[in-house]
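Visitor: Pasting in a structure now, in structure tokens, and then I'll have a few things to ask.
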Amino acid sequence: MTHPHEPVEKTDIQLTRKINAWGEDKARNITFILTENCQLRCKYCYICGKNSFTVMTLATARKNIDYLLSHRNIFNEQRVIWEFIGGEPLLEIGLLDQICDYLKLRMYELDHPWFDNYRISLSTNGLLYDHVDVQRFIEKNGTHLSIGISIDGTKEKHDMQRVYPDGKGCYDEIVRQIPLWQKQFAASHTKATISHDDLHLVKDSVLHLWNLGIHEVAMNVVFENVWQDGDDGIFEQQLIALANTIIEQQLYAENKCTLFDRSIGFQMDRQLQNENWCGAGRMLSIDTKGNFHPCIRFAQYSLEKKKEITVGNKEVGYDLNKLRPFLTLTRCNQSPAECLDCEVASGCAWCQAYNYDAADTDTIFQRATYICKLHKARVRANNYLWNKLDRIVPPPEKDIRVQNLRVRKGMQSLMVLANSSASSFCHYPSPNSEKPGEKMSVETLQKLVYYGLTNNLTLNVIVGNEPLSPEFRNALNECDHVLLRPIAAKENHAADTSLDVFDFETDTWNDSFSGTSLILRMNRENLPKLPDWLAKHSLAYDRISLFIKNLAQANEEDFTTYRSVLESVAAWLPEREEKKPLELSFLTDRLMLTEPNHCDAGIKHLTVSPDGGFYLCPGFYYLGISEAKPNSANPRKITDIDTVLKTHEIPIKNKQLLQLDHAPICEKCDAYHCKRCIFLNRETTLEVNTPSRQQCVYAHLERNTSRTLIEPLFLKEDVSIPEIDYLDPFDKLMKKDKPQGKVEEC
């Protein structure tokens, strides 16, 4: 067996492929309810009016077929799926056979386009599958026939739900039909349903169905209000366990299961992705009396609380007015705000008829959300599977998940303090490295890795000089991660991806240092040395990010000095001898940006301390240590990893203050490269949303100097940085000639 972390070459991942559906969206789906009778009384069944006496007549079926085939102006698709359902449709196999004979005859006589483009589809419980009349029907219609047998999984799960009226299960009777069914329909697939009572059997049931040779499994949770507190946790753990087995045994190469889908779990655009999940209204269902319904679940025998919705019949025709609500219904106009704002909305399903049945009024425009937590649990498990599997079999660049991850908003990474004495990589002061720091345990890291995998987060691990233990390294290798390491400790922290941190005042530079990105930390007093340092040394890095350690104490004289420093670097940069372009965060970032690229601590990333506590950034963790009273908790702590894994929430108080639209000085500023450091804000102005004069002036000195590089770097046609007459946007806001009496909109 291939080790899970060894790349697998030329492996076709069937798990990512959709289960085949004939015609897809190009075929009209027309469903005949042959009977309301069924041998079983499945506990989760949406049909609440099963009976043995309501059966469609052949005359009713024929009249409806004649109506459908003669109205090509309405039913104008090039393909059709004739679906037959119950109850159990095979209880009426004789009627079914006669109906199919008639529809084939009439399509031929009318030279209808559907004659060579039709499919007969049946969904059955399988109990009558080997009956002689059923087998004769299969032989007669085989080339145009699709039959699905419903089997829920293991014997325990199946017999828990799919039972006779006396409560007896039917697993044994169904399973004996499977070999014949698979022989006749090589691409056979099954539909399985999950309810509260059988959640703990999901993993074993999917594996069992695959072991039976059913390699395409459609499985979903019921939409009804049956779920209890904690069910989402059980569901998540079942899917995680299934994901681990899939990876360990490489079951992704030949099996499919709809519980895993690469497209789910992303925020949806309200305009571009505003379609109705359900096909009600675009399909047609005909009940035993000949009444038309938007789908079978709008027939009376499927509704528990509401009156059926009909959209015509063969006598009065197809009532297009009654279809108008269905055809104009969208995700937005039926969903509550929590669904529209949900960060993992894609893939969350609904049943339009159940929405109607559960609504407060007689409307289809009220979405039921009972599966919300179950959907989020499924998303976390999907993230876990794909994040691990993508490290084994890298997906193609055009993969929808890859694209969605690139444009997603919200939380994207965790800053993980492997040791509380690890060097600073940003504006906050370095902790006391002489004292032994608190180390993160492997157990805590494993929890963070799990959280990262299930929430699409990269772990940015801040390490010190000491090597990581093999156990820590092994846990870290399970997920995408980046090491932020002191440059002097490169040998102790070999990693695929890393950021080197060089402290100008305490570290010694060596021209052999190389990498992708270098973080340079300097005191403002040493900034005049920067131009010579850049020119003197061989810089084998693509990028250098500058952080000024004591920026908050800068004065007017420092501003003048920094302007001179920037001008010197700007003069050197276009003329440097190395052909390789060099990015300097303080000069070239503004040339490349068209929107703010702030730090966004608390929005795009959070920090986790060695004991598993969550903080806005490392600076707030160390600030809290200094504020804490003896034997008391860190007052800056937001929550901890155990609570997050349990609640799936990170309760940041006044989170809106971290957003740009709540930062009055920064909101309209075009110094896009400024990191807008909320730690510096809090230290200098006492408010996280308000920057100091020092931070603003330094950023605008950099902005204005970047402007002088547009022509030397031949960027005149691509970059525009307007000339301004201020260095601190606060001054602009406070100008005395500001129009009086004007109130800005929120």
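The values are calculated or read from the model by the stated rules, or taken from the named source; none is laboratory data. Remember, predicted model here, so these are calculated numbers, not experimental data. So basically every Cβ, Gly included, is an ideal-geometry build from the backbone, and we count neighbours across all protein chains shown. For the accessible areas, the whole protein counts, side chains as well, though only heavy atoms, and no ligand, DNA or RNA atoms are used. Shrake-Rupley method; radii C 1.70, N 1.55, O 1.52, S 1.80 Å.
Visitor: When the accessible area of the stretch 612-746 is computed with all protein chains present and a 1.4 Å probe, what percentage of it is carbon and sulfur?
Guide: The computed percentage sits at 52.
Visitor: On a 0 to 90 degree scale, rounded to 10, what angle separates helix 202-211 from the longest Cα axis of the chain?
Guide: Its long axis makes an angle of about 60 degrees.
Visitor: Right, something else. Consider all pairwise Cα distances in the stretch 635-746 and report the whole-number % of them above 18 Å.
Guide: 63
Visitor: If you don't mind, there's one more thing I want to ask. Could you tell me how many degrees, from 0 to 90 and to the nearest 10, lie between the Cα long axis of helix 618-627 and the main elongation axis, the longest principal axis, of the Cα atoms of the chain?
Guide: Roughly 70 degrees between the two axes.
Visitor: Which percent, to the nearest 5, of DSSP beta bridges fully inside the chain are antiparallel?
Guide: For the chain, the DSSP antiparallel bridge percentage is about 15.
Visitor: Leaving ligands and nucleic acids out of the surface, order Leu527, Leu180 by accessible area at 1.4 Å, largest first.
Guide: Order by accessible area, largest first: Leu180, Leu527.
Visitor: Let me ask you something else. Describe numerically, in nm with one decimal, the distance between label points set 7 Å from Cα along Cα→Cβ at Asn555 and at Met592.
Guide: The two pseudo-label positions are separated by 3.7 nm.
Visitor: On to the next question. Between beta-carbons, use under 12 Å as the cut-off and find the net charge around Asn510, counting Lys and Arg +1, Asp and Glu -1.
Guide: My count for the surroundings of Asn510 gives -3.
Visitor: Also, quick follow-up: Compare Arg524, Arg72 by solvent-accessible area with a 1.4 Å probe and give them largest first, with all protein chains kept in place.
Guide: Result, largest first: Arg72, Arg524.
Visitor: So, in Å, what gap is there between the alpha-carbon centers of the stretch 168-215 and the stretch 442-489?
Guide: 40
Visitor: When Lys and Arg each count +1 and Asp and Glu each count -1, what net charge do the other residues less than 10 Å away from Asn313, Cβ to Cβ, add up to?
Guide: With Lys, Arg at +1 and Asp, Glu at -1, the net is 0.
Visitor: Continuing with the same structure: At a 1.4 Å probe, what is the % contribution of carbon and sulfur to the accessible area of the stretch 231-328?
Guide: Carbon with sulfur: 46 percent of the solvent-accessible area.
Visitor: So for the chain, averaging the separation of alpha carbon pairs under 8 Å that are six or more residues apart and normalising by length, what relative contact order in percent results?
Guide: Relative contact order comes out at 9 percent.
Visitor: How many angstrom lie between the Cα centre of the stretch 506-527 and the Cα centre of the stretch 589-645?
Guide: 25
Visitor: Given a 1.4 Å probe, how much area per residue of the chain is accessible, in Å²?
Guide: Using a 1.4 Å probe on heavy atoms only, each residue of the chain averages 48 Å².
Visitor: Determine the distance separating the Cα centre of the stretch 317-388 from the Cα centre of the stretch 394-440; give it in Å without decimals.
Guide: 35
Visitor: Additional query: Nearest 10 degrees is fine. How inclined is helix 132-141 to the longest principal axis of the chain, computing both from alpha carbons?
Guide: 60
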